[in-house]
Amino acid sequence: MAKLIDGKVISTQIKDEVKAEVSKLADSGITVSLAVIQVGADPASSVYVRNKKKACEYCGIKSLSYELPESTTQDELLDLIRELNGRKDCNGILVQLPLPGHIDEEKILDEISPLKDVDGFHPMNVGALSIGKKGFVSCTPAGVIELIKRSGVEISGKECVVIGRSNIVGKPMAMLLLRENGTVTVTHSKTADLKAVTNRADILVVAIGKPKMIDASYVKDGATVIDVGIHRGEDGKLCGDVDFESVEPKAGAITPVPGGVGPMTIAMLMKNCVTSVDLQK
Ligand code: GUN
């Protein structure tokens, strides 16, 4: 039976560490603040935004909330970002994605000051990660690294396989595992023999966006399996990209869905808000 990697417990530890750091900063007169911008009222985005604001409250981070109508123009949003870039009382800026179709996401994300880019999406931060310089790291892959490390799983020298090559998860995930001295392979939809590659993995990170696609036949005995996917199944229950029932008896350690990677993303966002104070010094 695999060890269950509990994202709820580990994310609470991280938020408690952030809370202590925020309180220390407050003692020296520094307030940590995050601007959260949502355009439109996509229900899934509203849930994420609400959870981000709740986490801010838990950690003692001041949240500046911008709930803008669907009709907001690209120029209006760019103006707001420029204003927040210049404000001393705003450390982090988060624009919840997806944005309405009439707004160019790339233009918006590029406008956020790299020093306030707590999502780690700005090309400057993506570049900084790839050459090992200080900067913001995308929250989900950063959370995966914390889950692995805090579960006592060694990354150095291990075969690490990432399934998926998105800019938000797969690519930064590969960079982070490499930074931890893993031997990293990134697979994707054109990989010729996916099973042959994944069966080499000591650490398998799955971010393909297909419900329960990865069963035991993809997994080496004793591997650590991290499931980044989250889907609502036909039975109404949440599931990941990994078929948990099939993989769990074979894995050495595994994250559940829900309660694995999900809570870590927000915890790492909180951690990035504290980092922002340091980067802006
Ligand atoms: N939408 C879904 N995930 C994310 C995220 O991590 N950051 C932002 N800004 N939007 C998202």
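One table, with the values for the structure above:
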{"quantity": "Residue in the range 78-96 that is surrounded by the most Cβ atoms within 10 Å (Cβ to Cβ), counting only those that are in contact (Cβ under 8 Å) with a residue 40 or more places away in the chain and in a loop (DSSP other than H, G, I, E, B)", "calculated": "91"}
{"quantity": "Positions within the range 99-108 being surrounded by fewer than 19 Cβ atoms within 10 Å (Cβ to Cβ) and either of a type in the set (Ser, Thr, Tyr) or near the ligand (Cβ under 10 Å from one of its atoms) (or both), in sequence order", "calculated": "105"}
{"quantity": "Inter-residue pairs, beta-carbon under 9 Å, first free of Cβ contacts under 8 Å to residues at least 24 places away in the same chain and in the range 100-114, second surrounded by fewer than 16 Cβ atoms within 10 Å (Cβ to Cβ) and part of a loop (DSSP other than H, G, I, E, B), 6+ apart", "calculated": "105/98"}
{"quantity": "Of residues in the range 167-193 being touching a helix residue (DSSP H, G or I) at 6+ places or on another chain (Cβ under 7 Å) and more than 21 Å from residue 268 (Cα to Cα), the one nearest to the ligand (Cβ to nearest atom)", "calculated": "186"}
{"quantity": "Residue list for the range 162-184, filter: in contact with a strand residue (DSSP E or B) (Cβ under 8 Å, 6 or more places away or on another chain) and over 18 Å from residue 225 (Cβ atoms)", "calculated": "165, 171, 178"}
{"quantity": "Residue in the range 30-48 that is of a type outside the set (A, V, I, L, M), within 13 Å of the ligand (Cβ to nearest atom) and in contact with a Pro (Cβ under 6 Å, 6 or more places away or on another chain) present", "calculated": "yes"}
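None of the figures in this text is laboratory data; all of them are computed from the coordinates on show. Keep in mind it's a predicted model, so treat the numbers as computed, not measured. As a convention, Cβ positions derive from the backbone with ideal geometry for all residues, glycine included, and neighbour counts pool all protein chains shown.
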